[in-house]
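Structure, as structure tokens:
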Amino acid sequence: MHSFGYRANALLTFAITILALMCAIVSLSDNLNSPTPTAQVQVLNINWFQKKPDGDDEVSLTLNISANLQSLFTWNTKQVFVFLAAEYETPKNVLNQVSLWDGIIPSKEHAKFWIHTTNKYRFIDQGSNLRGRDFNLTLHWHVMPKTGKMSADKIVMSGYRLPEAYR
Amino acid sequence: MGWISDQIDSIKSLQFRQVITQIVSLGMIVTSALIIWKGLMCITGSESPVVVVLSGSMEPGFKRGDILFLHMSKEPIRAGEIVVFNVDGREIPIVHRVIKVHERQDTGEVEVLTKGDNNFGDDRLLYAHGQLWLQRHHIMGRAVGFLPYVGWVTIIMTEKPIIKYILIGALGLLVITSKE
């Protein structure tokens, strides 16, 4: 009854239970944090705007992104994945979300940043609907925990209207 | 001859009821594991509620051997979500992030493009030949929760099957030989 095997088994089971419980509590403790991030984005320039040979519109932008996401970090935060998406509606699609730039923030020290960049991913429409089109720039973030539940949120920022003509 | 009769005696000394009890308890373990798995399938709505990350394409977020909990709800897929998808002609599902979403006005169908955080380019090279977008039916679920390291157990067992057999053998022997 009290053999070595039984004792080892009981110890292992107990250890795993405690570990699982601690992981759950740590994950739940994230709910106590109520973050207040801020962000600003400016479209500085339209580098070029054209119709591709296959008929889809493509535009290249220069962007200025500044954000302070430090309040997202808790002791259970491994990293924050942040991306800027252009969101717009066309006659064909209810919703188009095109990621323009993204980044991984590994620690709280890097969570206050300022970046001047062209769009990292190609801004291509499904079709030729971008002339004179209004779109919203939205900064999304996904918090990746050390363990437990992942969370996400966003800030919708000022809209922008693309020009009526290719250039 | 003494050795053989000893063996026969020891087999005879195994009590019938005890053997049955052990078989039943073994069956209980297997069926309860099955119940938990199928129950998770019902709750999460995903055909595979838990997946193990096999590649480093989502590092440093997800490393090889981490476990992801999936959920498949009716809610539409949006950019930034981490989805698990199957590509025609590939057996192993892939865990990557959605970077583009186009949702149709008339049918409500979505077309999405994915990318691994640690990969340089998007996933069009991984998709089936000529496939530009993922549709709803390719997607098995979105990742909602995360547990590090635990998946190493399955990775080791699939890559070194001998360890699996040793483990199963040892456990079986333990169940058969344990009294009480």
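Kindly state, to the nearest 0.05, the FRET efficiency for residue B:75 paired with residue B:162, given R0 = 45 Å and r defined as their beta-carbon distance.
Details: r = 44 Å, r/R0 = 0.98.
In this case the efficiency is close to 0.55.
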Gaussian network model of chain B, Cα within-10 Å springs - most flexible of B:154, B:107, B:44: B:107
Cα→Cβ-extended label distance, 7 Å offset, between residue B:19 and residue B:38, nm: 2.9
Under-27-angstrom lysine pairs by C-alpha in segment A:63-167, whenever the two are 8 or more apart or on separate chains: 18
Proximal lysines relative to residue B:38, as straight alpha-carbon distance under 21 Å, when same-chain residues fewer than 8 apart are discounted: B:74
For residue B:34, solvent-accessible area (1.4 Å; no DNA, RNA or ligand), Å²: 100
Inter-probe distance in nm under a simple model that places probes 7 Å from Cα toward Cβ, at residue A:152 and residue A:56: 2.1
Residue A:141 - accessible surface, heavy atoms, 1.4 Å probe, Å² rounded to 10: 10
Accessible area, probe 1.4 Å, largest first, for residues A:142, A:116, B:71: A:116, B:71, A:142
Helix axis angle, A:4-29 relative to chain A longest principal axis, alpha carbon, degrees: 40
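The values are calculated or read from the model by the stated rules, or taken from the named source; none is laboratory data. Note that the coordinates shown come from a computational prediction; the quantities given were computed from them, not determined experimentally. Using ideal geometry, Cβ is built from the backbone for each residue, glycine included, and neighbour counts are taken over all protein chains shown. Accessible surface areas use protein heavy atoms only, side chains included; no ligands, DNA or RNA. Shrake-Rupley method; radii C 1.70, N 1.55, O 1.52, S 1.80 Å.
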